[in-house]
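**Student:** Have a look at this one.
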Amino acid sequence: MLHVRNLDISYGAVKTVRGVNLHVAEKEVVSIVGSNGAGKTTIINALSGLLPVGGGEVEFRGVKINGLSPDKIVELGLVQTPEGRLVFPEMTVYENLLIGGYSRTSRGHIQKNLEEMHRTFPVLDQRKDQLAGSLSGGEQQMLAIARSLMSMPKLLMLDEPSLGLAPLIVKEVFGIIDRIHDQGMSILLVEQNVYHALSISDRAYVIENGRVTMEGTGEELINNKEIEKAYLGI
Ligand code: ATP
């Protein structure tokens, strides 16, 4: 589905991402893991068209997407749930979901998609008239994911969905990601929570200083001695 070849991304004169190759096949969960500042968010923002691609190529479902605007990329089905959730705090849960449903491809299916979101995230149904800013962190994360799903993505990119959440809620959020995957969604997940991310991933890439330093199946990497030492604190 997604092929990233030789990706370079710079902030001004500073090259932050160098020669990254990665791919995601249909119905896979693929993670990009690595520590703070490794370049994970930079990669996902470039895939969404929010940052210019300095070099290399991004191909999504057979279409070269580098250079396309973020709204065009969403129309093609590549949709990002941003780090920090970024729900609209002064709007209700219902209004936040509606906004997610207004892409050209999804606007004719809003009612059906709302019903599906309420089935997948019952808490959002219970809280539909509540202001999004008054939800707990975990509920806001669920709303952010549901809002992305309202646009009917073909590939969902999740940036740090566990950031700032209590351990029990982190488990719940990863359970939801796993469930969305079981329903057939393809997912590219960016995470600092290496253990949880690898646990639910078919494959993963480890990023250090803007380069891919390791790749493998979730299981291979979770049992890798270097990963254990560097990221799992074992
Ligand atoms: P985190 O998990 O902390 O968000 P990350 O792996 O997602 O880490 P990025 O946010 O992609 O890392 O940042 C990669 C590098 O690029 C960092 O050194 C960061 O300081 C730098 N960087 C990020 N945004 C900008 C910007 N707008 N201008 C200049 N440098 C930036």
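The values are calculated or read from the model by the stated rules, or taken from the named source; none is laboratory data. What you are looking at is a predicted structure, and each value in this text was computed from that prediction instead of being measured. All Cβ positions, glycine included, derive from the backbone under ideal geometry; neighbour counts span all protein chains shown. Quick note on the areas: whole protein, heavy atoms, side chains included, nothing else; ligands and nucleic acids left out. Shrake-Rupley method; radii C 1.70, N 1.55, O 1.52, S 1.80 Å.
**Student:** Set the bar at 26 Å for Cα to Cα. Now go through 40/229; 40/128; 40/225; 64/225 and name every pair that lies beyond it.
**Tutor:** Values: 40/229 20 Å; 40/128 32 Å; 40/225 22 Å; 64/225 37 Å.
Over 26 Å Cα-Cα: 40/128; 64/225.
**Student:** A follow-up question, please. Quote the accessible area belonging to residue 76 in square angstrom, nearest 10, computed with a 1.4 Å probe and with ligands, DNA and RNA left uncounted.
**Tutor:** Answer for residue 76: close to 60 Å² accessible.
**Student:** Sequence gap at least 6, Cα distance under 8 Å: using those rules, report the relative contact order of the stretch 45-189 to the nearest whole percent. Walk me through the numbers on the way to the answer.
**Tutor:** Numbers: 205 pairs, mean separation 39.7, N = 145.
Worked out over the stretch 45-189, it gives 27 percent.
**Student:** Name the most mobile residue of 203, 107, 119, meaning the one with the largest mean-square fluctuation, in a Gaussian network model of the chain with Cα contacts below 10 Å.
**Tutor:** Taking springs between Cα atoms under 10 Å, the residue moving most is 119.
**Student:** Let me ask something additional. Work out the FRET efficiency for residue 112 and residue 172 from their Cβ-Cβ distance, taking R0 = 35 Å, and round it to the nearest 0.05.
**Tutor:** On the way: r = 25 Å, r/R0 = 0.73.
The pair residue 112/residue 172 has a calculated efficiency of 0.85.
**Student:** Between helix 167-182 and the chain, what is the angle of the helix's C-alpha long axis to the longest principal axis, kept within 0 to 90° and rounded to the nearest 10?
**Tutor:** So the helix axis and the longest Cα principal axis differ by about 90 degrees.
**Student:** Could you pull out every residue, at least 5 positions away or on a different chain, whose amide H is within less than 5 Å of the one on residue 189? Hs are placed 1.01 Å off N in the peptide plane, and Pro or chain starts have none.
**Tutor:** Residues meeting the amide H criterion: 30, 31, 32, 158.
**Student:** Sticking with this structure for a sec: Go ahead and set up a Gaussian network model of the chain, Cα springs under 10 Å, then flag whichever of 169, 177, 32 fluctuates most.
**Tutor:** 169
**Student:** Report the Cα centroid-to-centroid distance between the stretch 163-186 and the stretch 1-45 in angstrom, as an integer.
**Tutor:** Computed from Cα coordinates, the inter-centre distance equals 21 Å.
**Student:** Can you compute the label reach from residue 6? Point 7 Å from Cα along the Cβ direction, backbone N cut-off under 11 Å, restricted to the stretch 46-65.
**Tutor:** 55-57
**Student:** Write out the trypsin sites (Lys or Arg not before Pro) in the stretch 1-84 meeting two conditions: DSSP loop, and at most 15 other Cβ atoms within 10 Å of their Cβ. Kindly include the intermediate steps, with their values, before the conclusion.
**Tutor:** On the way: sites: 5, 15, 18, 27, 40, 61, 64, 72; in loops: 27, 61.
Here the sparse-neighbourhood loop sites are 27, 61.
**Student:** Say a site is exposed when it is one of the GluC sites (Glu not before Pro), sits in a DSSP loop, and has at most 14 other Cβ atoms within 10 Å; what is then the longest site-free stretch of the chain? If you can, show how the numbers build up before the last one.
**Tutor:** Values: sites that count: 26, 90.
In the chain, the maximal stretch lacking such sites is 91-234.
**Student:** Leaving ligands, DNA and RNA out of it, report the carbon-plus-sulfur percent of the accessible area of the chain at a 1.4 Å probe.
**Tutor:** Details: 5470 of 10830 Å².
Whole-percent figure for carbon plus sulfur exposure: 51.
**Student:** If you count only protein heavy atoms with a 1.4 Å probe, what accessible area per residue comes out for the chain, rounded to a whole Å²? Intermediate results must be reported in sequence, preceding the final value.
**Tutor:** Values: 10830 Å² over 234 residues.
Here the per-residue accessible area is 46 Å².
**Student:** Antiparallel DSSP bridges in the chain: what percent, to the nearest 5? Present the calculation step by step, with values, prior to reporting the outcome.
**Tutor:** Working: 21 of 39 bridges.
The answer is about 55 percent antiparallel.
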